[in-house]
Each structure stands twice: as structure tokens, then as C-alpha cells.
Amino acid sequence: MIMIKSKEELKKIIINLEKTLYNSIKRNLPNNLSTELIKPEGLFRNLQLNIYPYDVLKSYLIDLEETMGLGYNLILDRFLKMEDLITLKNGNRLIGKIMEIESKWYDNIFTKSKNIFESVSYEIKKTLYKNLTYEKYKRSELDGLSNMTLDYYYKYVFKCMENDENPLFKIFNEFVSYKPSHL
């Protein structure tokens, strides 16, 4: 692995690797899983990666590289779990703790931005599979992470919780205010 100097470099490498994995399977995905919201280079994924600290991104990059080296596709794994075609297999207790914290953040977004959320969620519902929720997406994503990445991720969400920060609100605000460059 080359020496990576910045968080921005990490994000670019992660997105390129995820894009490679995604492109290797996208023709076999249902239309609901090939939307802009889920694509590795899509707006939602970029916003999501923006909030993660360096250690989380670095550890996740290691996960991607190690699994790819074994011929395993973490993106396919995530999609199959979202579709309930394979079962969740990571029993790390931190997944439940992370989901508990992030579910509160998600509920907080809904409470504070109900009108905006309802209009945006209609658009999201139109493009995503009818049974795909944020919780299902997130649990499927977390299930594929190594214990080291989950540990870094939990420390991050726990610190945010202690500081009364809601990084999902930041993603939501940026997503709602996004204006495509072609408009």
C-alpha cells in the first residue's frame, strides 16, 4: 500500500475501489440498487465519506484491499444483505451500539426536518427499493467491516454522541441543498 497523506486521497482511492467492485456487478443488480443514491461515486456516498475521520477511512481502505486480495466483493456482499439474499454474519457487539446511536440521529433528523424529510424521502423512496431503509442499508454496510474498522467507527460515533453532534444531519442538509451543476 502506498503512503496516503490526506483524507481526500483516502476518499478518492476508496471511491475508485468501490466503483471497480460496483461496476463488476452492476449489470446483475435490480434497478433499485443501481441508483445515484447507492453508486460509489454518487452524491450520497461522497457525503457519507466526508464525515468519517481519517482512521475510519484508512481502516476501511485496508478492509477493501484485503477482501479484494482474497477475491471477495464487499459491495456485492452489502447488496446481497440489503436484499436479504445472504444473512448478516458479523457478530461484533459494536454494530448494535453503532446502530442504536445512528438510529437516534436518524430519528432526530426526522423530528427537526419533518416537512423537508417527507418531500425528500418521497424522492428517495421512488429511487430505492421499497423495503430498503437507512437502518437496513447501514447494518448491511457495517456487517462487512473488520473488527478494527468497527472499533474506529464506534469511537467516532460515540465521540459525536458525547459532543451532541449529529453527522447524519450534516449529510442530510448537504443532500437536501445539493444543486446539480447542470441546472
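In the structure displayed, which of Lys97/Lys138; Lys7/Lys155; Lys5/Lys104; Lys19/Lys97 lie more than 22 Å apart, Cα to Cα? Numbers along the way, then the final one.
Details: Lys97/Lys138 12 Å; Lys7/Lys155 18 Å; Lys5/Lys104 34 Å; Lys19/Lys97 29 Å.
Violating the 22 Å limit, Cα to Cα: Lys5/Lys104; Lys19/Lys97.
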Taking 0.36 nm per intervening residue step and subtracting the Cα-Cα distance, what contour gain separates Met99 from Met68 on full extension?
8.6 nm
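Please give the peptides 73-80, 8-15, 90-97 ranked by average Cβ packing (other Cβ atoms within 10 Å per residue), highest first, as a rough proxy for protection.
So the peptides 73-80, 8-15, 90-97, ranked by packing, come out 73-80, 8-15, 90-97.
Quick note: the coordinates plus some simple rules give every number you see, no bench work behind them. In this text the structure is predicted, and so the values were computed from the model without any measurement. Because the Cβ atoms are built from the backbone with ideal geometry, glycine has one as well, and the counts that use them run over all protein chains shown.
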